[in-house]
Structures are given as structure tokens and as C-alpha cells.
Amino acid sequence: VEVYSQGMEKSRQNFSNKLNNLSKKYKKVNQEYFEELEEILIESDVGINLALKVIDEVLSQSKKEGINDADEINNMLIDHLFKDYMDKGEQLTDINFSKDGPTVLLVVGVNGVGKTTSIAKIAHRYIQMGKKVMLAAADTFRAAAIEQLQVWGDRTDTHVISHEEGSDPAAVCYDAVHSAIAKRADILIIDTAGRLHNKQNLMDELSKICRVIEREAPSANTQAMLIIDATTGQNAVIQAEVFSKAVKLSGIGITKLDGSAKGGVAIAVAYSTKAPI
């Protein structure tokens, strides 16, 4: 939670400064004020749909309650954004573990967003909590992907299931699930190949992996986490929407928040997928 909060600091400061400047410019609100407010939301990567929705709600409430003070309306805006964020996708700090079988966490996303590094962090977290963790290298296409996961496995003293480069990812998952059951692992984390969200054959492959896991381990608690890069802006929302159609997303991991002043993408993604961050 502390790291998450630190990552959002640049976004928070940027957004806060813009709202403060707007309230100084408009002591009493008018149409131009709401147009600029809408622009601030969109520039912060909240997304057009959510920005329009929130602006409409704030405008309606301000008229109903007879509020025209800019500072009060800015606070109202924050309340509405926070409500949408909490209602549609609250911050998730722990994975729900299965009592009857292993918990399987399928980690998905496009290339270069930080899936493998995120997996290492998750593995380390649960090892520190005393959980038995296993990793599966189902990214069999990217050069050195298997070796990269193995390095993290060695560093965290975690067993890694892998096949040779170019093999069928679903076959890796088949072996990994059976190994996790045999070794009574608490959680199996599966690293998948980065795939562009507009490549249907690759999205179909994800669906196939999910079917294999469900068939071979029906008692397992299978979850899918989508990793997105905060610096990609609204493209992250599109990615989230497409991936959520291929696999049922249990959560969203957002990387590189500290590198973006437009962290509104966290709210936009939570709103569009209804999955927790």
C-alpha cells in the first residue's frame, strides 16, 4: 500500500495543482469552468466516458444543491471519482487462497509492461508470508524469457516449471498444475508471453490455457491478473477491455506509476473492467 501511494504521488500532485489553479481562476463556476474541469480529467487519463459521467453527476448535484463555489465543486468531484473507484475496483492487497486446491495466478499483459518482475515481487511477498510458491514459464516465445524467470526463481528460492523454448504454453501449464497439486503448493504463478491485445490468435491461446487449467485442476482457485503500464495512458484501458474478454480478470496490476503524472488510468481501468487494483 505504501509503495502504491508513493507511486501515485506525482499523479496526485499534478491533479491537485490543476484543480487548485482552476478554483483560483473561477471563484464562481460557469460553463467554461466545467469544460476546463472535463479537460483536466481527460488529460489525467481518467478517460472520456468516465470523465463525462462524473462531470454530469457533479453538474447535476451542484445545481440540485445550489452550489457554485469552485472549491466545493472540486471536492465534490473528488468524492465522485473516489466513489466510482471504490465501487468498481477497490485496491486489492491480498490474493484469495483456495482451501481445496492450489491457487493458480495467471499473469497476462502486452509486451514490456513488467509481468515477470511483478511475478517475482508477488512470489517474494507470499514466500515471506510462509506460503509454498511455484512458478511456471509459459512465455515460451520471447528469447531468454524462461531464463529470466529462472533467475527470479533462484533468487527467491522458488521452483520453476519450464519446457524448452518454442514449446506449447498450454503444455507447460498442464505440467505446472499437476506439479503444484503433487507438491501441495499454495500458489502457482504462471508467466505468459506478452501479446498485443489486437492479435486474436494470441488472445485465443490465453483462453486455451485457462481451459487446460480448469480441466486439469477443477478444484483450483484460478485467477488472472492483468499487468498494465501506467505510462501507456488510455491504451491501457483498451488493453484491459480486450484481455477481460479473453480471460476473467480477478485483478489489475499497474506498473510504472511513479513514471507518470497521469495516474487517472488506474481509475479508468478499474471502472472499465470492474476488477480491483
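The values are calculated or read from the model by the stated rules, or taken from the named source; none is laboratory data. None of these values were measured; they are calculated from a predicted model. Cβ coordinates were reconstructed from backbone atoms using ideal geometry, including for glycine residues, and neighbour counts include every protein chain displayed. All accessible areas refer to the heavy atoms of the entire protein, side chains included, with ligands and DNA or RNA removed. Shrake-Rupley method; radii C 1.70, N 1.55, O 1.52, S 1.80 Å.
Things to note:
- Dipole axis of the chain (+1 Lys, Arg; -1 Asp, Glu on Cβ), positive-most option in 78, 266, 156: 156
- Note on exposure: 119, 254 ranked by accessible area (1.4 Å probe, complete protein assembly) read 254, 119, with the most exposed listed first.
- Accessible area of the chain divided out per residue, in Å², using a probe of 1.4 angstrom: 49 Å²
- Rounded to the nearest 20 debye, the dipole magnitude of the chain is 300 debye, with +1 charges on Lys and Arg beta carbons, -1 on Asp and Glu beta carbons, and the Cα centre as origin.
- Potential extension, residue 171-residue 69 segment - 0.36 nm per residue separation minus Cα distance: 30.6 nm
- Counting all C-alpha pairs of the range 94-166, share separated by more than 15 Å (%): 55 percent
- Extension gain, residue 30 to residue 216, is 60.9 nm, computed as 0.36 nm per intervening residue step minus the present C-alpha separation.
- Degrees between helix 9-25 axis and first principal axis of the chain (Cα, 0 to 90, nearest 10): 10 degrees
- When only Cα pairs below 8 angstrom with a gap of at least 6 residues are kept, the chain shows a relative contact order of 27 percent.
- Rolling a 1.4 Å probe over the protein chains gives residue 162 an accessible area of about 50 Å².
- The angle between the Cα long axis of helix 31-43 and the longest principal axis of the Cα atoms of the chain comes to about 20 degrees, rounded to the nearest 10.
- The charge dipole of the range 81-237, taken about the Cα centre with unit charges on the Cβ atoms of Lys, Arg (+1) and Asp, Glu (-1), comes to about 280 debye, rounded to the nearest 20.
- Helix 169-182 axis versus longest C-alpha principal axis of the chain: approximately 70°, rounded to the nearest ten.
- Using a probe radius of 1.4 angstrom, the carbon and sulfur fraction of the accessible surface of the chain is 49%.
- Most mobile of 192, 158, 103 in a GNM of the chain (Cα contacts under 10 Å): 158
- A probe of 1.4 angstrom, applied to the heavy atoms of all protein chains, finds residue 65 with accessible area near 110 square angstrom.
- Estimated distance in nm for a label pair at residue 79 and residue 128, the labels positioned 7 Å out from Cα along Cα-to-Cβ: 3.7 nm
- Rg [Å, one decimal], Dmax [Å, integer] - the chain, C-alpha atoms: 21.2, 67
- Largest-first ordering by accessible area, 1.4 Å probe, given options 184, 215: 184, 215
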